[in-house]
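One structure below.
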Amino acid sequence: MIDKGKLNRRAIVAGGLGALVAPAMLRIIPANAQSKTIKIGHVSPKTGPLAGFGESDAFILDQVKGVLAKGLRTSSGKSYPVEIISKDSQSTSTRASEVASELIVHDRVDLIVASAAPDTTNPVADQAEVNEVPCVTTNCPWQPYFFGRNGDPKKGFTWTYHFFWGLEDVIASYLPMWDSAPTNKIMGGLFPNDADGNAWGDPQRGLPPALIKAGYKLVDPGRYQVMNNDFTSQITQFKQAGAEIVVGNMIPPDFATFWSQAAQQGFHPKVVTIGKALLFPSVVNSLGPRGNGLSTEIWWTPTFPFKSGLTGQSARQLTDAYIDATKRPWTQPIGYQHALFEVALDVLKRAKSIEPKAILDAVVATDYQSIVGPVKWTGQPVKNVTKTPLVAGQWQRSGNGFDLVITENKSAPEIPVGGKLQLLS
């Protein structure tokens, strides 16, 4: 007999009459009983303001499909064909939830993976959790992922696991970088009213308490709405306070608007350090000369000392292969998109069967060396999260474009520094 309480809860998460009936069917007729093909669902933003995170998807998927051409052998000794079904979250939580539901209900995937900001990772993980489908996510600081889903550190989640760094790692990499520059330690904060912005600006768990402890003064004008077209109020407050540093977490269009209006209104900080927007060379190049000297956290570059357990490629070799295949500059998400499938395939290889619980057990037991560093869930910082290394650096002019130069590695000394922080002119 179907538990009506569970059915109603699933209906709320899935949204829609079709989803109301189908998740209950998953309990009766498991996906893997219908086919001998292992199905992996994949969700990332291929369009919309966060499309930079999914820019390398096609390359990574082609690479993984090549590795899987002859199938995948599990620990049971059986070999299975593998189908990867990739869907576009369109950079919105609503769409991410919809396509995750499609993958679970219609496509009946055995494992679902997702990446790129809480707008994608959180709704996908929520769908997986309520429908009891193993899920691995990345490319989102762990606090917005975990607490943004109302996670309880004492309990955690059952079916959903995440690997990435946290806001404490951002702070640990930013502070030495800022300390190396002669400033008045007054900074303006730019935090949007979304899961990332609310986490970064949180007065208890975000940047503010660490900044105060380190002797910095944060001018926080409050949360602004995403896709804002006027930052005059924030710029005015920063100018009045004499802010010489700007810190924040913004989508590319919002940062472009802010940076253009800052120039128009005569605001010239010495250091500008922005998460998310400044990850991508396409964004920095689009800013022209004013892209030079902008700084950000660095999760992955061709100089990282790790290699892929799936292909054997070094970070440099993976980067070169991407550039050769796409004729585009490398971007930071390449490493994590590759690692996401490294971990997924490692999990499936070790699973004792393709039953959901067996795949989940393999996720929990992961101890893997990936191209972004080790991935092993140990219960720290919380049950469902394991952290990867993080450094910080700056976009510096090189030829006709910019190079992302690592300028600080105190929190991850195994990753080499490539230069020193330069003040904005």
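The values are calculated or read from the model by the stated rules, or taken from the named source; none is laboratory data. Given the structure is predicted, the values throughout are model-derived calculations rather than measurements. So basically every Cβ, Gly included, is an ideal-geometry build from the backbone, and we count neighbours across all protein chains shown.
Worth a mention:
- When residues in region 179-193 are screened for being crowded, with 22+ Cβ neighbours inside 10 Å and either under 18 Å from the mean Cα position of the chain (by Cα) or more than 27 Å from Leu50 (Cα to Cα) (or both), 2 of them pass.
- The number of residues in region 85-101 being surrounded by fewer than 20 Cβ atoms within 10 Å (Cβ to Cβ) and over 25 Å from Lys276 (Cβ atoms) comes to 1.
- As a summary of the residue check, Thr407 satisfies the conditions (1) within 21 Å of Pro134 (Cα to Cα); (2) in a strand (DSSP E or B) except for the one numbered (1).
- Candidates Pro134, Pro123, Pro118, filtered to the one that is within 22 Å of Gln204 (Cα to Cα) and either crowded, with 24+ Cβ neighbours inside 10 Å or in contact (Cβ under 8 Å) with a residue 60 or more places away in the chain (or both): Pro118
- Among residues of region 66-90, those that are touching a Gly at 6+ places or on another chain (Cβ under 7 Å), outside any strand (DSSP E or B) and either under 28 Å from Leu50 (Cα atoms) or not assigned by TED's automatic domain parsing to the domain that holds Pro123 (or both), counted: 1
- Within region 348-402, considering residues that are of a type in the set (Asp, Glu) and free of Cβ contacts under 8 Å to residues at least 12 places away in the same chain, the one surrounded by the most Cβ atoms within 10 Å (Cβ to Cβ): Asp361
- Which listed residue, of Asp361, Asp346, is among the charged types (D, E, K, R), modelled with pLDDT of 95 or more and out of contact with any Phe, Trp or Tyr (no Cβ under 7 Å at 6 or more places or on another chain): Asp361
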